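The values are calculated or read from the model by the stated rules, or taken from the named source; none is laboratory data. Bear in mind that the values here come from a model prediction, so they are computed numbers and not experimental data. Glycine gets a Cβ as well: all are built from the backbone with ideal geometry, and neighbour counts include every protein chain shown. Surface areas here come from the heavy atoms of the whole protein model, side chains and all, with no ligands, DNA or RNA. Shrake-Rupley method; radii C 1.70, N 1.55, O 1.52, S 1.80 Å.
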Amino acid sequence: MSQLLRVQNFNVSSDGFGAGEGQSLERPFGHADPGEMFAWAGATASWPNRTAPGGSRGLDDYLTRDFRNNIGAEIMGRNKFSPQRGPWEDHEWQGWWGDEPPFHTPVFVMTHHERPSFTLSDTTFHFVGGDPAEVLAQARKAAGGKDVRLGGGAATIRQFLDADLVDTLHVAVSPDVVLGSGSRLWESPEELLDRFRCDVVPSPSGQVIHHLFWRQ
């Protein structure tokens, strides 16, 4: 299978939420604590924001390191780029990612309110309308034969799942985190077993349980 559409290292709470309520400029994950949910990845040797030597090896490190492997483009929902809703009021603000975004590929931001593309370092953001299949076609063309990563958030991943476009998923479930509300990926991972095989592997750190899905 060429040019897979992959979900990688997507974190959800034990009750299936990828982010909480009340997203804002100061709190991109709403009432969820991203430091708690992503602690398993932040502890690895391959965590890109690591400032001190060391870090764990093993499965968690492999999955963190694999984030960039053979990825030629990314698709994300507008709420992963910005807390703004409706027409763009501030084109000067260029997302949560700073001057060196972690993507290093073209990024296609799905939105009903398009705006001009711009480039930060080696990442170019394109703001596109259209249904999931149309956006995926654009991303695959830009990916130059490599895979496309579906970055989230949860509602965007559900759109692509409902359109039966996702090839593989890695979802890290935080068993000790309960959000109660927010942006939900699933009620239960069993919802996907009609289309995907799944291996469930506890992290050696004990902080998450990795769910690895691939098409049947």
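Overview of results
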{"item": "Calculated FRET efficiency for the pair Arg85/Thr119, C-beta based, R₀ 35 Å, to 0.05", "result": "0.90"}
{"item": "Three-way shape call for the range 72-131 based on the alpha-carbon gyration tensor, with the a/c threshold at 1.5", "result": "oblate"}
{"item": "Carbon and sulfur %, accessible surface of the range 5-215 computed with the full protein complex present, 1.4 Å", "result": "51"}
{"item": "Cα-based Rg and Dmax for the chain, where Dmax is the largest Cα-Cα distance (Å)", "result": "16.6, 45"}
{"item": "Å² of accessible area per residue within the range 1-152, as computed with a 1.4 Å probe and no ligands counted", "result": "48"}
{"item": "Leading residue at positive end of dipole, the chain (Cβ point charges), from Leu192, Gln3, Gln138", "result": "Gln3"}
{"item": "Amide H within-cut-off set for Ala73, under 5 Å, with H built and near neighbours excluded", "result": "Arg149"}
{"item": "Calculated SAXS-style log₁₀ I(q)/I(0) at q = 0.21, 0.25 Å⁻¹ - the range 100-145, Debye, Cα scatterers", "result": "-0.71, -0.94"}
{"item": "Cut-off under 5 Å, modelled amide H: who pairs with Gln8 long-range", "result": "Leu150, His170"}
{"item": "Spacing of the two label points (7 Å from each Cα toward its C-beta) at Asn49 and Asp162, in nm", "result": "3.1"}
{"item": "HN-Hα J in Hz across the range 86-102 - Karplus 6.51, -1.76, 1.60, θ = phi - 60°, x for Gly and Pro", "result": "x, x, 5, 9, 9, 7, 6, 7, 10, x, 7, 8, x, 6, 10, x, x"}
{"item": "Residue-wise HN-Hα coupling along the range 136-143, computed from phi with Karplus coefficients 6.51, -1.76, 1.60 (Hz; x: Gly, Pro)", "result": "4, 4, 5, 5, 5, 4, 6, 6"}
{"item": "Net dipole in debye of the range 5-215 [+1 Lys, Arg Cβ; -1 Asp, Glu Cβ; about Cα centre; nearest 20]", "result": "520"}
{"item": "Centre separation in Å (Cα based) which lies between the range 9-70 and the range 127-156", "result": "22"}
{"item": "Residues whose placed amide H lies under 5 Å from that of His126, excluding near-sequence neighbours", "result": "Val107, Phe108, Val109"}
{"item": "12 Å cut-off, amide nitrogen to a point 7 angstrom out along Arg215 Cα→Cβ, residues in the range 151-173", "result": "164-169"}
{"item": "Label-to-label distance, nm, for residues given as Leu193 and Asp15 (7 Å Cα→Cβ offset)", "result": "2.3"}
{"item": "J(HN,Hα) series, the range 169-184, from Karplus relation 6.51 cos²θ - 1.76 cosθ + 1.60, nearest Hz, glycine and proline x", "result": "9, 10, 10, 9, 9, 8, x, 9, 10, 10, 9, x, 7, x, 9, 9"}
